[in-house]
1. Would you list R711, R613 from fewest to most Cβ contacts within 10 Å?
2. Step through the table entries K252/K294; K175/K207; K355/K412, compare each Cα-Cα distance with 25 Å, and write down the pairs that go over it.
3. At q = 0.11 Å⁻¹, what base-10 log of I(q)/I(0) does the Debye formula yield for the chain when every alpha carbon is treated as an equal point scatterer in vacuo?
4. Rank the residues T5, T295 as a footprinting-exposure proxy: fewest other Cβ atoms within 10 Å of their Cβ go first.
5. So what is the 222 nm mean residue ellipticity for the chain from helices alone, if each DSSP H run of at least 4 adds -39500 (n - 2.57) and you divide by all residues, rounding to the nearest 500 deg cm²/dmol?
6. To the nearest 10 degrees, how steeply does helix 319-333 sit against the main Cα axis of the chain, on a 0 to 90 scale?
7. Report, in degrees rounded to the nearest 10, the 0 to 90 angle that the Cα long axis of helix 706-716 makes with the longest principal axis of the chain.
8. Determine the alpha carbon to alpha carbon distance for each of K327/K561; K569/K643; K481/K534; K234/K698; K3/K26 and list only those over 22 Å.
Amino acid sequence: MVKITLNTSIAALKGIGYRYREALEKKGIEKVKDLLFYFPFRYDDFSQIKLIGELQAGGKVTVEAKIGRVEKKITFRRRMKLTEALVSDKTGSMKIIWFNQPFIAQSLRKGEIYRFSGKVDFNSGFLALHNPSFEKMAGPSVNTAGLLPVYHEDYLLTSRWLRRQIHPLLPLTKKIPETLPELLLKNYGLLPLPKAAREIHFPASPKIKDAARRRLAFEELFLIQLYLGIRKLKWKKHLAYSVIPDINLTKKFASCLPFKLTLAQRRSAWEILQDLGKSYPMNRLLEGDVGSGKTLVAAIAALNVAKRGLQAVILAPTEILAFQHFKTLKQELQDFLPLGSVGVFTRSQRRTGGKKLSKNEFLLKVKSNQVKIICATHAVLQEEVKFPELALVVIDEQHRFGVSQRSHLQRKLSRLGKNVPHLLSMSATPIPRTLALAIYSDLELSILNELPKGRRKIITRIVAPANRKLMYQFIRQEIKKGRQAFVICPLIEDKLNVNGEKALFGEASFAPGGELFQPRSSPTKQQEIRAVKKEQKVLSEKIFPDLKVALLHGRMKGKEKERIMLDFKDKKFHILVATSVVEVGVDIQNATVMLVEGAERFGLAQLHQFRGRVGRGEHQSYCFLALSEGGINANRRLKALQKCEDGFRLAEQDLKIRGPGEFFGERQSGLPDLTMANLNDSEIIKTARAAAALILAKSPDLSEYPVLKTRLELFKKGFHGE
Ligand code: ADP
Ligand code: MG
């Protein structure tokens, strides 16, 4: 017999045949060690044993009882498969019922004693246990505390099977090398890894289970903090242009605006200007709800940079937005900079001032530092452009750029030359503070938690199919008053994807740091375009035949899109039917209606973004969330949106509704898979931050902690874009 060690292949274990091996390998489990590190995500509690005679309805209990008989049944009306068992202990007997689990009968032996854990409820007037989990009383996996691990399962790898495999391997946990420095274990009262790895599977008490979880969660969060901490230290080592802010100029600029800056804008601008003055590059995230006026803050930073003869690039995720920034900045800054200082660069067009330029002409102007503020899409990154005096890069709607795009950008920036530009990321996706601490700790944070004064609340209504006529009448009235409307078209695609989930567009709205608006499985562009065309046809021919209805989608050429947006701004048509391309940033002050078709299919964050497209001017604005014909009822999400207009609060609610599991379930978040860490747990997050700071203060390059260093290297592989 082979001696089993941590590095033994699972193929050598008893009872793991080809099929099991394949299933395990799919989960990345190849060695004994991997199996031991396959942690349960919850436990069934068999610890509080009750007697059948003392049971009451409601609540979860565990009983220890002998099986009398087992029967399979089919319910008369609903054709549901039932398994019923009659069980008894010394105080009485009761029924146990499993719904739709016909295979259960095979694993129950008459005359044997089991522990059953589940909910007590009435069944035909008698107390019964519904769908309990159970555990045979003899055998190795029963432990004194009665906490039984429940693992993420699939059809083959059930928790029962995993328990049977893992239990005999537990003695090997003693051989697992410690990964954390002694100092941390002592300072923060953490279990040693061998003990945590053992107790996480079959804990001796609930208390030690919690301690094991804490230790394992701590390690994950600590490694993230360490990674981000090192990245921050490295970033700060670069040289940057020290852009001493021109306070008088900034004040003058602010006083020339048609409105007063909000307090939050002033505070954020100040924080940014302070950073620009330093001789190492800024790395700051400006978070602010839709309409909070982030562009203006960026404009102040760019103005200061340009005024010192240096260059700034403002990156936008779409051409429409790049052009909008160009127009806004050109107009706002015209009295403060020479003509032609502001330019725009996208795949389809280049301009400075009012002049159209060829690509080469534009790049020449960049090279000679004539154009100082460049609004651009990421097309500009693909060019071998030399920015001779690049001092600032602003990434607008940063979540729209992929994680790898972002780190590619950072790497590219840090290789540009002697000086690395200051980096300002802007995002309208507010994430809760603890989460920000956990995943953005390499960034400084500025928050615009205030909307400009005088903004009216956008009236939001969920519209059932029956009320569609009324809604159209209302829109017509608005248009008669001279206003305009957006219609975000419905998504017709409704097939199940490979995971058996409905293909919900825009569902993955609040995953941390990553491509937040990347739908998990989106309909193809083609389908989206077909849908939007159909919607335009219906609206322009049947519903509003007397009005002008235009169309906008992502496949159109940049010029065409820009033309349409300009025409919309110039009120050349009344209604714009669009795909989600208008989701970000676009500013049309005369539009007062946002109608989202098939609203139940969009995520909260995305709906909030759509809504943010209106209510930007002086007029009362409206957002209609229209449900699809036969679509599900207005769910919690839509109701939350109707009630609440604060993006930060919506983010928190989204977190609550969808659970933190969804947060780090997203691979594209750029975070490694966190198995234990709960990103809502601010205590552990804070501890992990403090610990990382402690270690980095002692040894910034981890040379004094070689074990930790190796561990981090391994962990980093889970990061995208590394
Ligand atoms: P976002 O933060 O969503 O990017 P924008 O920068 O597009 O917001 O600003 C939204 C609108 O609010 C723009 O029309 C802008 O001119 C206007 N705005 C910005 N700051 C203020 C302010 N302090 N008072 C009034 N309006 C403002
Ligand atoms: Mg914006």
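1. Working: R711 18, R613 25.
Fewest-to-most Cβ neighbours within 10 Å comes out as R711, R613.
2. Values: K252/K294 19 Å; K175/K207 23 Å; K355/K412 29 Å.
Beyond 25 Å between Cα atoms: K355/K412.
3. The Debye formula, applied to the Cα set alone, gives -1.22.
4. In increasing order of surrounding Cβ atoms, one gets T5, T295.
5. That comes out to -11000 deg cm²/dmol.
6. Taking the Cα atoms of the chain, the angle to 319-333 is about 50 degrees.
7. 70
8. Flagged as over cut-off: K569/K643; K481/K534; K3/K26.
None of the figures in this text is laboratory data; all of them are computed from the coordinates on show. Quick caveat: nothing in here was measured; it's all calculated off a predicted structure. Cβ coordinates were reconstructed from backbone atoms using ideal geometry, including for glycine residues, and neighbour counts include every protein chain displayed.
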